[in-house]
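Quick notes on the structure that follows.
The values are calculated or read from the model by the stated rules, or taken from the named source; none is laboratory data. Computed from a prediction, not measured in an experiment: that's the story for all the values here. Glycine gets a Cβ as well: all are built from the backbone with ideal geometry, and neighbour counts include every protein chain shown.
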Amino acid sequence: MDWFELAQELEPGLRIGDLDSCLARAIEVIEELPKTPFHKVVELEFTNSLNEVGQYISSFLNKSNESIELKSLYTETNGFDINPDEWYFELFGYASYGGHEDYDWLCEWQTESENRLTLT
């Protein structure tokens, strides 16, 4: 199963907020892959508080909405395979939504986070 097939399978559950079953399914797929040092991740949990993550996103939304009317938001994690000692994500905002057919629109953001949130 490739990433796009998994994303398509999980989308209905994500849309209704069924994160637990989506996470369980993603772990199943990861565990079916040939073992690597990155398989350790399925045993770990992030320790950032929900309030910390929520405040980071809210602050970005408030600041971005001062300059554009946001229609979509994208978050991207760093390349943790080449930087395994620090995992973080950044936010990007868009004045429109480009859909799932072609993700090239994601490189044309109108606003971006000033800093990143390190995942602990």
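Structural remarks
- Qualifying residue in the stretch 83-92 (condition: part of a loop (DSSP other than H, G, I, E, B) and surrounded by 15 or more Cβ atoms within 10 Å (Cβ to Cβ)): no
- Restricting the stretch 62-83 to residues that are among the hydrophobic types (A, V, I, L, M, F, W, C), under 24 Å from residue 7 (Cα atoms) and touching a strand residue (DSSP E or B) at 6+ places or on another chain (Cβ under 8 Å), the residue that is modelled with the lowest pLDDT is 80.
- Checking residue 76 against (1) in contact with an Asp or Glu (Cβ under 9 Å, 6 or more places away or on another chain); (2) in the same structural domain as residue 91 (by TED's automatic domain parsing); (3) part of a helix (DSSP H, G or I); (4) not hydrophobic (A, V, I, L, M, F, W, C), the condition it does not meet: (3)
- Counting the residues of the stretch 84-107 that are out of contact with any helix residue (DSSP H, G or I) (no Cβ under 6 Å at 6 or more places or on another chain) and either at pLDDT below 85 or more than 22 Å from residue 56 (Cα to Cα) (or both) gives 8.
- Within the stretch 74-98, the set of residues being among the small types (Gly, Ala, Ser) and within 16 Å of the chain's Cα centre (by Cα) comprises 79, 93.
- Matching entry among 17, 13 (being small (Gly, Ala, Ser), loosely packed, with under 10 Cβ neighbours inside 10 Å and outside the structural domain of residue 115 (by TED's automatic domain parsing)): 17
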